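Written out below as structure tokens is the structure these notes cover.
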């Protein structure tokens, strides 16, 4: 059996290696590749991805997993080996249940879908996109059916991003969250608008870069095992535990955007840098799920980066970097400015108090589309009604409404809820961290993050993808994902800022 | 047969794609990879290289090549398809004749060999390296024997870099070249030493970068299909015809080094950028051989870049960039300075008049080692004797002598002669180009390179690796590689500079 295990590990290591090569091809494409390289790059990526898929779904892999299945029961269920075999078997089963024809058709339809979406968005014409989205939904329902029996038709999609999680769980969480978050927003909306005009004047790029680097260096981002480059959209990617890179972008008139995005990506990257070295070259050298990943990025961006304690230490440094822009802005004014709440149309520009509402809206629509209780043609109308209901604003155009996100055109259903779940997990962990590190606020106000990072390494990072998200959150906090900590966090913070 | 051909092309395209992925992994390793990434990178590279080798030497590939062999005879021998099948069959045969055990043993021995060489060089102790080189030579002789019958034991090694070329041809060329080059050098050595002290003062990096970019942009290096980055040793690498990148390095006290190296690498890169698009995703999207590749880099670096006409246009621009360093240096002084001849110990620092002598020495030793007429233990002594004979200088240490180059420790026998052959080819092409573009000097003196690049595209670049080097050179110049044009070039140039 030891021999089989070694053979399995060797094979999965090669699959992981190919995935890493793919990641580097992608990173380069988005950072340094000259324009002309696109055609060749597409071919190379297709070949590498194809070989990786072929290897992963090979008969050899299937046989090894079958042979190793009884062996798992003899192992400590929390051991690296047990987790590796179980997780690989789960992914293998998902991969092999989907016929090659479906994969090819899906690739074709979503490629055309993304082109149509771009056109539709540019022309503000939902009808251009509608037939494509209908086809995508058809394929997504067919996809779910490969995994019958299921509790809910949305489950197989959710499972792709949150292994083991059920639609019913997410619904229950969001049902508890929604009314409270809507109520909070109404209370805030009744208060005077905060002035954040000082954030919308030019900040020179090098200063933004330097300040961001200073912040994440203090966080504990390891530059010996990572680097930062520029790209059109910020992202994090890794080519092994010891090479996890982030990117950022600069908009001179929106300095806060680059700064918080740098903290966000560093949060993702520190997670992957913190995975135990024993998981090297396995699929477990990764985050537990999208939500847990997002909990790390959001924690550093929001719970740390938008806190009073954080700016107690960093604001004087920021003013020193940008005296012309901030010399006359008090720390309190700045703090309120970066935490300004304003119901808006666009998800990616949403603040902490409104963000989850954008997500819940999308999840409800995705579920209804999958269930068949909502027709694609009715989407714009339902979208706008829900926007009014949750956020109190109605998009004047579909471009600022149902057409704003790329996800659906690429068939990425099941992904949106992970953003909101990530917020919830971040707050749930945050409460536990405060119990374990009582003087955390003080440490943060002194620019010290060692204890926080150590806690995250110990409780979250080192495990990589060994545990399903709900299992991990329960191990650490004592309960599965709950909405209350996030609501408590929001209410506490905004009560003070807005005098609720 | 058309179906078989398509299948073959698909398979070889995937092998090429994997090679391109490997190249990107290598580029990143030498430019941007954080230090910590080394272990993971080694694994990824091993997996990708292994799969590529497996695919290339697969039974499927062998069967397809066997089936396509008779088909080749029905094709125009100069057609892309005929060349592709022939070249692939040649490489396949070479790859499959070498047993896996030899490959593994060679990898092991040369890895240890390189470590030992570094130690030996640092300690200036040839004895540390000797047993490793003995083992390398043993393996290299075994390698040659896989290709029996051969005319000469060195032939299979040479063929790895110069397909189709024989040791006897190279020997004949070098035997004609050596006495003439030694004589020229003696004449120069009798003349007063040229002052080039202005090249050995600080030149700021950004100015060096900008000037180099200006030069190669005018050469015709296509930035839409390439880019330049920094690395410890300059190199050129490509990820497709439309993404060929160069690197450079800067030494503030040796400005000429970066400048000429940039031109050199751009010469390599323009070659690959100029390959016909019909050869995309084939092994023919490459140079014809190392020597032909080197002919391109040397042409732009030396025949163009160290010429009087070139500096007629560029020197005023360089002075404008570096007025403090060059304001009091005349164009003539500068031209003589960058063409100063000085017999020296180190190959990579050698000038045009001495460079080939370093190479001939190495080739003679390699051949003698392969023939068994020279023992590894006697190398230092023979090295020093030949240095005295050819260059008139004797290394005071082995570090500056037989231990200077990395090549042998990695088993790279057969590579050195390509450097000198490249010089010869560059001059041979240059004479033909002057016949076809009579006012070339004038164009260069006006900073115009379109006609030159067009000529190279048409006669050399577009063909990629379709033809063996000797075939290509003969097609273009009417004869195989000859030493005379290079001697004529050197004598013409240095007669004027040194008043011979």
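The values are calculated or read from the model by the stated rules, or taken from the named source; none is laboratory data. None of the values given here were measured: they were computed from a predicted structure. Methodologically, a virtual Cβ is constructed for each residue, glycine included, from the backbone with ideal geometry; neighbour enumeration extends over all protein chains shown.
Remarks
- Per-region count, segment B:256-297, residues closer than 15 Å to residue B:469 by Cβ and either free of Cβ contacts under 8 Å to residues at least 12 places away in the same chain or not assigned by TED's automatic domain parsing to the domain that holds residue B:425 (or both): 0
- Applying the set (1) away from chain A (no Cβ under 14 Å); (2) part of a strand (DSSP E or B) to residue B:245 leaves exactly one unmet item: (1).
- Out of A:29, A:10, A:14, one residue alone is outside any loop (DSSP other than H, G, I, E, B) and out of contact with any helix residue (DSSP H, G or I) (no Cβ under 7 Å at 6 or more places or on another chain). It is A:10.
- Checked against (1) buried (at least 23 other Cβ atoms within 10 Å of the Cβ); (2) modelled with pLDDT under 95, residue A:12 passes all but condition (2).
- Residue check, residue A:19 within 14 Å of chain B (Cβ to nearest Cβ), modelled with pLDDT under 95 and either assigned to a helix (DSSP H, G or I) or surrounded by fewer than 15 Cβ atoms within 10 Å (Cβ to Cβ) (or both): no
- Segment B:33-74 - residue that is outside any helix (DSSP H, G or I) and surrounded by fewer than 19 Cβ atoms within 10 Å (Cβ to Cβ) and, of those, farthest from the other protein chains (Cβ to nearest Cβ): B:73
- Here residue A:77 fulfils each of the conditions (1) in a helix (DSSP H, G or I); (2) at pLDDT 95 or above apart from (1).
- For segment B:166-181, the condition of being in a loop (DSSP other than H, G, I, E, B), surrounded by 13 or more Cβ atoms within 10 Å (Cβ to Cβ) and assigned by TED's automatic domain parsing to the domain that holds residue B:468 holds for at least one residue.
- Filter result (loosely packed, with under 15 Cβ neighbours inside 10 Å, outside any loop (DSSP other than H, G, I, E, B) and touching a residue at least 12 places away in the same chain (Cβ under 8 Å)) within segment A:188-204: A:200
- So residue B:221, is it within 14 Å of another protein chain (Cβ to nearest Cβ) and assigned to a loop (DSSP other than H, G, I, E, B): yes
- Segment B:256-310, residues that are out of contact with any strand residue (DSSP E or B) (no Cβ under 7 Å at 6 or more places or on another chain), assigned to a helix (DSSP H, G or I) and within 14 Å of chain A (Cβ to nearest Cβ): B:270, B:277, B:278, B:279
The rows are residues; the columns are (1) under 20 Å from the mean Cα position of the chain (by Cα); (2) in a helix (DSSP H, G or I); (3) surrounded by fewer than 23 Cβ atoms within 10 Å (Cβ to Cβ).
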site	(1), (2), (3)
A:389	no, yes, yes
A:393	no, no, yes
A:396	no, no, yes
A:404	yes, no, yes
A:412	yes, no, yes
A:443	no, yes, yes
A:457	yes, yes, yes
A:462	yes, yes, yes
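- Residue within segment B:361-380 that is touching a helix residue (DSSP H, G or I) at 6+ places or on another chain (Cβ under 9 Å), crowded, with 18+ Cβ neighbours inside 10 Å, modelled with pLDDT of 95 or more and part of a loop (DSSP other than H, G, I, E, B) present: no
- Among residues that are free of Cβ contacts under 8 Å to residues at least 60 places away in the same chain and surrounded by fewer than 19 Cβ atoms within 10 Å (Cβ to Cβ), residue A:495 is included.
- Of all residues in segment A:224-235, those satisfying the criterion of being surrounded by 15 or more Cβ atoms within 10 Å (Cβ to Cβ) and away from chain B (no Cβ under 14 Å) are A:234, A:235.
Quick grid of which residues meet (1) in the same structural domain as residue A:429 (by TED's automatic domain parsing); (2) in contact with a strand residue (DSSP E or B) (Cβ under 6 Å, 6 or more places away or on another chain); (3) at pLDDT 95 or above; (4) crowded, with 19+ Cβ neighbours inside 10 Å:
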position: A:454; (1), (2), (3), (4): yes, no, yes, no
position: A:470; (1), (2), (3), (4): yes, no, yes, yes
position: A:478; (1), (2), (3), (4): yes, no, yes, no
position: A:483; (1), (2), (3), (4): yes, no, yes, yes
position: A:491; (1), (2), (3), (4): yes, no, yes, no
position: A:500; (1), (2), (3), (4): yes, no, no, no
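- Members of segment A:349-358 that are part of a helix (DSSP H, G or I) and either free of Cβ contacts under 8 Å to residues at least 12 places away in the same chain or buried (at least 22 other Cβ atoms within 10 Å of the Cβ) (or both): A:349, A:353, A:354, A:356, A:357, A:358
- For residue B:84, the stated conditions do not hold, so it cannot be described as more than 14 Å from chain A (Cβ to nearest Cβ), more than 28 Å from residue B:236 (Cβ to Cβ), touching a residue at least 60 places away in the same chain (Cβ under 8 Å) and buried (at least 18 other Cβ atoms within 10 Å of the Cβ).
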